[in-house]
Amino acid sequence: MNYKITKASCFALSILKTCSIASVHSIYRNTINLCFKFQGKNIVLSLQTSDTVLSPVSLITNLSEKQFRELPISKGDAVIIKEHYIFINSSVPEAIFFSAEDISTFDLKLKSELPKSEISDLIYKLHDAIKTSELNGFDSLFADRQAPSPVLDNAKAIINTSSFALSQYNWEKAASALSSLIGLGIGLTPSGDDFLCGVLAGIHFLNASSHPFSSILREKISLHVDDTNLISSTFLLCAINGQFSLPITKLPKMKSSSSIMSAFKKIGHSSGIDSLCGIYYICSKFPV
């Protein structure tokens, strides 16, 4: 059974070119996660249905969700990468493989910063977008709603500690507080991790990637990246290296809060909105 990968990030393809074996890590409604050993760390690449959002680890296929459900693939199946093909050694007689030839590639490395004159406009649009969200994730903390759970109460205390440290130019304390959000929350990617990915993206928009706070934060996240699940740690490693989902790379060009919400609510259950909260937080609190 031959299927096709239609879109992928340059980062995901670089992993395919250097790795020859993997295994099926997990299977979800519209995603099959493959576990690779890359540069001494376990990371995940994701085979996804045709209607899903492109991320740094995405391998978007030409399959629908229904077709994905019908694939005879199981957790733990061996995966072999040979030239432009991904072979999954399932128990069925006919081999399953995905072709990675002639695909559309996307460079998702965030490069460009925003002029200071555009930061205030971005902050306004982000806050307006977050106020319309009712997912009861980290959006509750930034939309003047009461945090409805002990997890969010904890997150609020951590973020307040970081905010005060930033106002005092205490980069070490601010970064330490934020890094303690790793693994906080439930779900495929905990809200704390998604928030941190947003913070790292916001630092790029602020042109603060070389700032001491940014360096300390990246270091502390790197030290604690194994405190969360493998899928989420992969996204954190991508963010540390400036790799983000397609909507984040396009965020500065989005004209309204409604267009922002429309794009980001498609990312997971609350992952997109939690990332937006991270971008909003650092852009509004970082002393520039």
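Values in this text are rule-based calculations from the coordinates and carry no lab data. Quick caveat: nothing in here was measured; it's all calculated off a predicted structure. Quick reminder, even Gly has a Cβ in these numbers, built from the backbone with ideal geometry, and neighbours come from all protein chains shown.
Side notes on the structure shown:
- Taking amide H as placed 1.01 Å from N in the peptide plane, the amide H of F106 sits under 5 Å from that of A8, S9, C10, each at least 5 places away or on another chain.
- Summed side-chain charge close to S14 - residues other than S14 whose Cβ falls under 12 Å, Lys, Arg +1, Asp, Glu -1: +1
- For segment 147-253, the set of chymotrypsin sites (Phe, Trp or Tyr not before Pro) satisfying both a DSSP loop assignment and a count of at most 14 other C-beta atoms within 10 Å is given as Y169.
- Whichever lysines have a C-alpha closer than 18 Å to that of K220, once near sequence neighbours (fewer than 8 apart) are set aside: K41, K173
- For T189, net neighbour charge (Lys/Arg +1, Asp/Glu -1) across residues whose Cβ lies under 14 Å away: -4
- Note on K4: aspartates and glutamates with a C-alpha under 12 Å away, same-chain residues under 8 apart excluded, are E101, D102.
- Counted over all Cα-Cα pairs of segment 131-288, pairs farther apart than 22 Å make up 34 percent.
- Ellipsoid equivalent to segment 5-146 - semi-axes via the Cα gyration tensor, in Å: 35, 19, 14
- Only Lys, Arg, Asp and Glu carry charge here, each on its Cβ (+1 for the first two, -1 for the last two); on that basis segment 1-117 has a dipole of about 400 debye about its Cα centre.
- Stretch in the chain that is longest and holds no GluC sites (Glu not before Pro) that DSSP places in a loop and that have at most 12 other beta carbons within 10 Å: 135-288
- Between E70 and Q39, the modelled label-to-label distance comes to 4.0 nm, taking each label 7 Å out from Cα in the direction of the beta carbon.
- Whether segment 190-270 is rounded, prolate or oblate, judged on the alpha carbon gyration tensor where a/c under 1.5 counts as rounded: oblate
- Qualifying trypsin sites (Lys or Arg not before Pro) in segment 138-195, DSSP loop, other Cβ atoms within 10 Å at most 15: R145
- The Kirkwood hydrodynamic radius of the chain, based on inverse pair distances between different Cα atoms, is 19.5 Å.
- Convex hull volume per residue in cubic angstrom - Cα atoms of segment 116-219: 106
- The chain - share of DSSP beta bridges that are antiparallel (%, nearest 5): 75
- Alpha carbon convex hull of segment 136-176, projected area averaged over orientations, nm²: 2.9
- Of the trypsin sites (Lys or Arg not before Pro) found in segment 1-72, those that fall in a DSSP loop while having at most 14 other beta-carbon atoms within 10 Å are R29.
- For segment 102-166, diffusion coefficient by Stokes-Einstein and Kirkwood Rh (Cα), 20 °C, 1.002 mPa s, µm²/s: 146
- Think of segment 1-144 as a dipole: +1 on every Lys or Arg Cβ, -1 on every Asp or Glu Cβ, centred on the Cα centre; then among F87, S140, S120, F87 lies furthest on the positive end.
- Violating pairs (Cα-Cα greater than 18 angstrom) within the set K7/K109; K125/K250; K82/K109: K82/K109
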